[in-house]
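Chemist: Dropping the structure in here first, questions after.
The values are calculated or read from the model by the stated rules, or taken from the named source; none is laboratory data. None of these values were measured; they are calculated from a predicted model. Ideal geometry is used to build each Cβ from the backbone, glycine not excepted, and the neighbour counts take in all protein chains shown. The accessibility values were calculated without ligands, DNA or RNA, using every heavy atom of the protein model including side chains. Shrake-Rupley method; radii C 1.70, N 1.55, O 1.52, S 1.80 Å.
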Amino acid sequence: MGWIETTGGYAIALDGTRVLCRNAAGRTLKQVPPKLKDDAEVVRLRQLAEWLERHERECREQVDTWLVRSLPVPVALLARVWPDPAWQSALRDLVVAPVAADDSAETGRAGFLRNADPARGLGIVDLDGDSVWLDAAEVETVLIPHPVLLEDLAELREFAAELGVEQGAEQLFREVWRRPEGAGDVTGGASGGGGTAQDWRAYADGKFAQLRHATARAVSLGYRVRGGHAVCPLVENGRQLEAAYWLGDDYPESETLTGSLEWRDKAGRRLPLVEVGPVAWSEGERMAALVYAGRVVESDEEKAL
């Protein structure tokens, strides 16, 4: 962006989302001088910078929603938003796969997204390293597959590193969790130690000095808090679900211990663990693990007391 003249011989410009300032001698300053704080041009440029930051965040969040909820995305929509740098930053180099007639992802035709054009379709680098186009006349929608659904994920990550792929939204290098064999067995103990077939207790008994610490951590990670639970809305195979991780419902200043992780359908029915699909399981456990990581960890000396 070009320099905008302002009062006192100063000029300002926007570099990404950062406001730059130079003095009358043409030297770029480390920061905008305090005396220009209320200058009309500075205020307008800072408001624009704030809007751009918010727009970039919203683009990433929308792409993350498409990925987590396995939502088909029209090729025409991707082509329309592609010229926007914020959208392009969020979308570029994501693995996309055409949607087949049965609504499944054709992962054999997947590739890293590099371009989008209303007439030509999507330009990708396929998994053989060739640059090809997914014809807009043939491919109307694509999926941004969750990494837990991608075969040979480790090899795909290595290939991405070779290509110098840097994804603006977490996909390939997003941590994934898979349901352990036997999880949901009432008598098998696979639910984390004494849970039922509808509970996963691997992240139970995480101690927080105050309940508000746990809820604030969940919110800061982008999750909702409702009825004592951290909640993650999900869609798998067209079915609306949510993962819910117990944080507590006492006074915000009171100490709390986390409880079990569970999954529910749209009607609120708790699902047996064996019914939880791979994406819902991975994202639910991801939520619980991220919140649980903020617990109070006692030292070995404290544990011995």
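Chemist: Out of 253, 61, 170, any idea which swings most in a Gaussian network model of the chain, alpha carbons joined below 10 Å?
Modeler: With Cα springs under 10 Å in the chain, the top fluctuation among 253, 61, 170 is at 253.
Chemist: Candidates (1) 17.9; (2) 15.0; (3) 22.9; which is the computed mean projected area of the Cα convex hull in nm²?
Modeler: (3)
Chemist: If you build a Gaussian network model of the chain, linking Cα atoms that sit under 10 Å apart, which residue out of 157, 18, 80 swings the most?
Modeler: 18
Chemist: Under a 1.4 Å probe, what is the accessible area of the range 196-305 per residue, stated in Å²?
Modeler: On a per-residue basis, the range 196-305 sits at 50 Å².
Chemist: Toward the positive end of the charge dipole of the range 117-182, about the Cα centre and with charges on Cβ (Lys, Arg +1; Asp, Glu -1), which of 137, 122, 147 goes farthest?
Modeler: 147
Chemist: What list of ³J(HN,Hα) values in whole Hz, one per residue of the range 33-46 in order, does the Karplus curve 6.51 cos²θ - 1.76 cosθ + 1.60 (θ = phi - 60°) give from phi, with Gly and Pro shown as x?
Modeler: Along the range 33-46, the couplings run x, x, 5, 9, 3, 9, 4, 4, 5, 5, 4, 5, 5, 5 Hz.
Chemist: Quick one: accessible surface of residue 3, probe radius 1.4 Å, all protein chains present, in square angstrom to the nearest 10.
Modeler: Estimated to the nearest 10 Å², residue 3 gives 90 Å².
Chemist: Moving on. Could you sort the peptides 39-50, 137-148 by per-residue average Cβ neighbour count (10 Å cutoff), highest mean leading?
Modeler: On the way: 39-50: 14.6, 137-148: 18.8.
Result, highest mean Cβ count within 10 Å first: 137-148, 39-50.
Chemist: Where the accessible area of the range 72-188 is counted over protein heavy atoms with a 1.4 Å probe, how much of it, in %, is carbon and sulfur?
Modeler: Exposed carbon and sulfur together represent 46 percent of the surface.
Chemist: So what is the accessible area of the range 57-102 per residue, in Å², with the probe set to 1.4 Å?
Modeler: 46
Chemist: Rounded, prolate or oblate: which fits the range 96-144, taking a ≥ b ≥ c as square roots of the Cα gyration tensor eigenvalues, rounded meaning a/c under 1.5, else prolate when a/b beats b/c?
Modeler: In terms of gyration-tensor shape, oblate.
Chemist: While we're looking at this one, here's another question. Evaluate the relative contact order of the range 1-44 (contact order divided by residue number), counting alpha-carbon pairs under 8 angstrom at least 6 apart; express in whole percent.
Modeler: Working: 55 pairs, mean separation 12.2, N = 44.
Once normalised by length, the contact order is 28 percent.
Chemist: Heavy-atom accessible area of residue 14 with all protein chains present, probe 1.4 Å, nearest 10 Å²?
Modeler: Residue 14 has an accessible surface of roughly 20 Å² with all protein chains in place.
Chemist: Roughly how many percent of the accessible protein surface of the range 194-305 is carbon and sulfur, given a 1.4 Å probe and a whole-percent answer?
Modeler: C and S fraction of accessible area: 49 percent.
Chemist: At 1.4 Å probe size, what's the solvent-accessible area of residue 223? Round to the nearest 10 Å².
Modeler: 20
Chemist: Then there is this: Identify, among 66, 156, 247, the residue whose Cα sits farthest towards the positive end of the charge dipole of the chain, taking +1 on the Cβ of Lys and Arg and -1 on the Cβ of Asp and Glu, with the dipole about the Cα centre.
Modeler: Ranked along the dipole, the leading option is 247.
Chemist: Can you bin the range 75-162 into rounded, prolate or oblate? Criterion: square roots of the alpha carbon gyration tensor eigenvalues sorted a ≥ b ≥ c, rounded for a/c under 1.5, prolate for a/b above b/c, oblate for the rest.
Modeler: Working: a/c = 1.68, a/b = 1.26, b/c = 1.34.
Judged from the Cα gyration tensor, the range 75-162 comes out oblate (a/c at least 1.5, b/c at or above a/b).
Chemist: Then there is this: Most fluctuating residue of 21, 59, 232 in a GNM of the chain with Cα springs under 10 Å: which is it?
Modeler: Sorting by GNM fluctuation, first place goes to 21.
Chemist: Turning to a different aspect of this structure: Taking only C-alpha pairs under 8 Å that are 6+ residues apart, what is the relative contact order of the chain in percent? Don't skip to the end; give the middle numbers.
Modeler: Working: 551 pairs, mean separation 38.5, N = 305.
It comes to 13 percent, rounded to a whole number.
Chemist: By the scheme Lys and Arg +1, Asp and Glu -1, what is the net charge of all other residues having a beta-carbon under 10 Å from that of residue 7? Can you show the working numbers first?
Modeler: Details: positive: 35; negative: 5, 39, 41.
Counting the neighbours of residue 7, the net charge comes to -2.
Chemist: Counting only C-alpha contacts under 8 Å and six or more residues apart, can you give the relative contact order of the range 56-188 as a whole percent?
Modeler: 27
Chemist: Which net charge results when you count Lys and Arg as +1 and Asp and Glu as -1 among the other residues whose beta-carbon is under 13 Å from that of residue 137? Could the numbers behind the result be given before it?
Modeler: Numbers: positive: 120; negative: 117, 135, 138, 140.
It works out to a net charge of -3.
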